[in-house]
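Data first, discussion second: the structure below is written as C-alpha cells.
The values are calculated or read from the model by the stated rules, or taken from the named source; none is laboratory data. Please read all numbers here as calculations on a predicted model, not as lab measurements. Reconstructed Cβ throughout: ideal geometry from the backbone, glycine too, with neighbour counts over all protein chains shown. Each accessible area value is taken on the protein alone, full model and side chains, heavy atoms only, with ligands, DNA and RNA left out. Shrake-Rupley method; radii C 1.70, N 1.55, O 1.52, S 1.80 Å.
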Amino acid sequence: MREMSVVGVRVELPANQPIVLLTEVEGEKFLPIWIGSAEASAIAYEQQGIKPPRPLTHDLLVNVIEALGSKLERVRITGMKDGLYFAELDLQGAEPVTVRPSDGIALALRTGAVILADDDLIEQAGITIDEATAGEDGEESEDEVEKFREFLDNVTPEDFAGS
C-alpha cells in the first residue's frame, strides 16, 4: 500500500462528471477516481475549510464514530473492477468497513486519517502527468494546474479500465 494525498476535485467536461485526483506522497503517480456530485462537494468543502451551518453526512459519520469511542485510522483503496473502485475504512477496534473511495476520502480529510492505495491498483490505474512540479512555496504551480485541466478535458473513465 502507498500513502496518497488529495490533489483536488474537478469536473470532467463535457460529461460534467466530478473526479478526485490523488497523488502518491512519495512518488510521481496520480490516481484519478470518478465520483458523485455530493461526495465531490464534501471533499471540496473540507479542502477549502468551508463549514456548513449544520453537519453534512460525512461530518455526522465522524461524530458517530467518535461517540462510539472509535476513530478512523486509515482509508484503504483496495482495488478496481470494471472501472469501479473499492475501498475500506479501518476503524480502531473494529473490522474493516467497505466504503466507496469518495466517502472514505471525505472522511479521511475530516479526521486526518491516512489514505492508502493498493500497489497493484496504482500500477494498473495510476498515471504520470509530465512536468507536474510543485512551486517553490509548496503550492501547485500554475503550469501544473493548467496541465491537470488539459488532462481532465481529454481523459475518459475507459482510459483507466485496465487491460
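Laid out as a table, the results:
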{"item": "Residue match in the range 97-110 (condition: more than 11 Å from the chain's Cα centre (by Cα), of a type in the set (A, V, I, L, M) and farther than 22 Å from Q124 by Cα)", "result": "yes"}
{"item": "Flag for R54 being open to solvent by 60 Å² or more (accessible area, probe 1.4 Å), modelled with pLDDT under 95, of a type in the set (D, E, K, R) and out of contact with any Leu (no Cβ under 7 Å at 6 or more places or on another chain)", "result": "yes"}
{"item": "Flag if T78 is modelled with pLDDT of 95 or more and polar (S, T, N, Q)", "result": "yes"}
{"item": "First in the range 97-120 and farther than 10 Å from V62 by Cβ, second anywhere and assigned to a loop (DSSP other than H, G, I, E, B), Cβ under 7 Å, 6 or more apart", "result": "S102/I35; S102/G36; L116/M1; A117/M1; D118/M1; D119/M1"}
{"item": "Subset tally (residues that are open to solvent by 30 Å² or more (accessible area, probe 1.4 Å) and touching an Asp or Glu at 6+ places or on another chain (Cβ under 8 Å)) for the range 62-89", "result": "5"}
{"item": "Meets criteria (closer than 22 Å to S41 by Cα and at pLDDT 95 or above) for S70", "result": "no"}
{"item": "Residue count, the range 1-18 (criterion: part of a loop (DSSP other than H, G, I, E, B) and touching a residue at least 12 places away in the same chain (Cβ under 8 Å))", "result": "2"}
{"item": "Total residues in the range 90-117, condition out of contact with any strand residue (DSSP E or B) (no Cβ under 8 Å at 6 or more places or on another chain) and open to solvent by less than 10 Å² (accessible area, probe 1.4 Å)", "result": "1"}
{"item": "Which numbered condition L91 misses (of (1) in contact with a helix residue (DSSP H, G or I) (Cβ under 9 Å, 6 or more places away or on another chain); (2) free of Cβ contacts under 8 Å to residues at least 12 places away in the same chain; (3) more than 20 Å from P18 (Cα to Cα))", "result": "(2)"}
